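As structure tokens, the structure follows; a few thoughts come after it.
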Amino acid sequence: MLGSAMLCPQLLHAQETPLLPEEKPQIETRHTAVLERVQPGYVAPGIPLGGFRLAPSVEVTGIHDDNIFGTQDDRVADSLLRIQPQLALQSQWARNSLSLDAKGKVDRYLNRSTENIADYSVTGRGVFDINQATTLTTAIRAEGIHQSRLSQDIFSQTIKPIYYTQQSGAVLLAHDFNKLRLSTTARVARFDFRDGQLADGSIADYQPSDNMSYRVGVRASYAQTPSIAWFTSASYNIRRFRTGSIETPKRDSNGFELLAGVSFEPAALIRGSIGIGYIQQRFRLPFYNDLGGLGFNATVQFFPTQLTTVTIRGNRSVLDSGIPGSGGYLSTQGSIQVDHEWLRQLILSASLGYQDSRFNNLDRTDGRISAKASATYRISRYAGLKFGFERLDQSSNGTDRYRAFKDNRATIGLTLTR
């Protein structure tokens, strides 16, 4: 709830799992979204290990992409096999909780072997009930990731995708005073990028993107009734970069986010959380223009039937830029998603999203329209099939514009669980 203001843009994947789990709801939970619903006959039992349960799984997906480099002209198409193993270890205690989640992603292309990657992510979490009113949550994560060829931070076509690592940790302390809840968070993250090699043999220097980010935040929420709670939040972030260059001096900055809003879940078929306020990021060097303005973070869900969920999301934040000469950009994002459950075994999903990115120090504004559709079929508690189609349409405007492109991707995958 305290914003994503410290996130590096390369990490903003649609399926990224938040480092900290969500706080326990302060208001009553009346509705269950389609993607939250648990069907007893389709839940894998896992493997008991004393006071823990181990849930192994693997997802194997065939993908065809008609523009793997995200280029405006001379599009290159290819097919790939993606293998995503996962091991999830979860405690089964009546009080307190520990979990360890290890994931991998291996891509193997049919023709373009230079695009082959192997990524990993390991996350550990702990939730401790200090007493009936106080909860302490901690989390750490280590990742090794390749930058997507479709990222807005691509400024040159390297022979292989850019690889970077991230180590992060966070802590959340929450205490309830009857109807009033106070919480505080702290997070630190480190990003380290490897240089890339260009087709002419020269080096693409990514060291100016290496950075450490720190954020602290506080939040106060008052439950006026069991179905509505008012909140206010404030966060402060510090971003420190390892080095700079003549073209791109060090991007060090400090910033804050102030939000106020409401969380609600009335008897009517709707629930959500809406926060509106102000965001600002000030750069230490006068070379960069400061960024700021209206900030918001909102999620609203509608339940026209028990089998259909409509989710609307919106967010505005300041993100770090990987483009030479720019310190950051103001990102405004919005999306709508519809999920429908049919005959318990089949889930149909469709979504439409838009992102507007305005870079400081550059005459450049990017617009990204994304559309997705998928069908997930539960074969049994141990297996499932998923079919999907995704389209990304990026425009870039201004004298410093980089590239406009379209990308279409079709997928078919099999998930096996135990």
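Readers should treat all values here as calculations from the given coordinates under stated rules, not as data from a laboratory. The structure presented is a predicted model; accordingly, all values stated were derived computationally and were not measured. In this analysis, Cβ positions are derived from the backbone assuming ideal geometry, glycine residues included, and neighbour counts consider all displayed protein chains.
Run the quick spin-label model on residue 307 and residue 350: label points 7 Å from Cα toward the beta carbon, then report their separation in nm to one decimal.
1.7
Select from 396, 156, 335 the residue whose mean-square fluctuation is largest in a Gaussian network model of the chain (Cα-Cα springs shorter than 10 Å).
156
Taking Rh as the Kirkwood radius computed over C-alpha pairs, what is the Stokes-Einstein D of the range 9-417 at 25 °C in a medium of viscosity 0.890 mPa s, expressed in µm² per second? Before the final figure, lay out each step's value.
On the way: Rh = 23.3 Å.
Result for D is 105 µm²/s.
So, R0 is 41 Å and r is the distance between the beta-carbons of residue 232 and residue 195; what FRET efficiency does that work out to, to 0.05? Spell out each step's value before the answer.
On the way: r = 43 Å, r/R0 = 1.06.
Efficiency computed from Cβ-Cβ geometry: 0.40.
In the range 392-418, whose amide N lies under 17 Å from the spot 7 Å out along Cα-to-Cβ of residue 373? List them in ranges.
392-393, 407-413
Rg and Dmax of the range 186-247, Cα atoms, in Å?
20.4, 65
I need the phi-derived Karplus couplings for the range 281-287: 6.51 cos²θ - 1.76 cosθ + 1.60, θ = phi - 60°, integer Hz, Gly and Pro marked x.
After applying 6.51 cos²θ - 1.76 cosθ + 1.60, I find 10, 9, 8, 5, 9, x, 4 Hz.
Treat each spin label as a single point 7 Å out from the Cα along the C-beta direction, and report the residue 399 to residue 17 distance in nm.
Each label point is offset 7 Å from its Cα along the Cβ direction, giving 4.8 nm.
So what's the range 225-358 giving for Cα Rg divided by 2.2 N^0.38 Å, two decimals? Don't jump to the answer; show the numbers that get you there.
Working: Rg = 19.4 Å, N = 134, 2.2 N^0.38 = 14.1 Å.
Rounded to two decimals, the normalised Rg is 1.37.
Between residue 216 and residue 180, what FRET efficiency comes out of the Förster formula 1/(1 + (r/R0)^6) with R0 = 25 Å and r the beta carbon distance, rounded to 0.05?
Values: r = 20 Å, r/R0 = 0.82.
Using R0 = 25 Å, I get an efficiency of 0.75.
Cross-link candidates for residue 386: which aspartates and glutamates have Cα within less than 16 Å, leaving aside residues fewer than 8 places away along the same chain?
Output for residue 386: 59, 339, 341.
Stretched out fully, how many nm does the piece from residue 358 to residue 406 gain, at 0.36 nm a residue minus the Cα gap?
Values: separation 48, 0.36 × 48 = 17.28 nm, distance 1.97 nm.
Extra length from residue 358 to residue 406 when fully extended: 15.3 nm.
Would you mind checking the pairs 160/372; 160/406; 24/250 and listing those with alpha carbons more than 29 angstrom apart? Numbers along the way, then the final one.
Details: 160/372 27 Å; 160/406 21 Å; 24/250 40 Å.
Distance filter (> 29 Å) returns 24/250.
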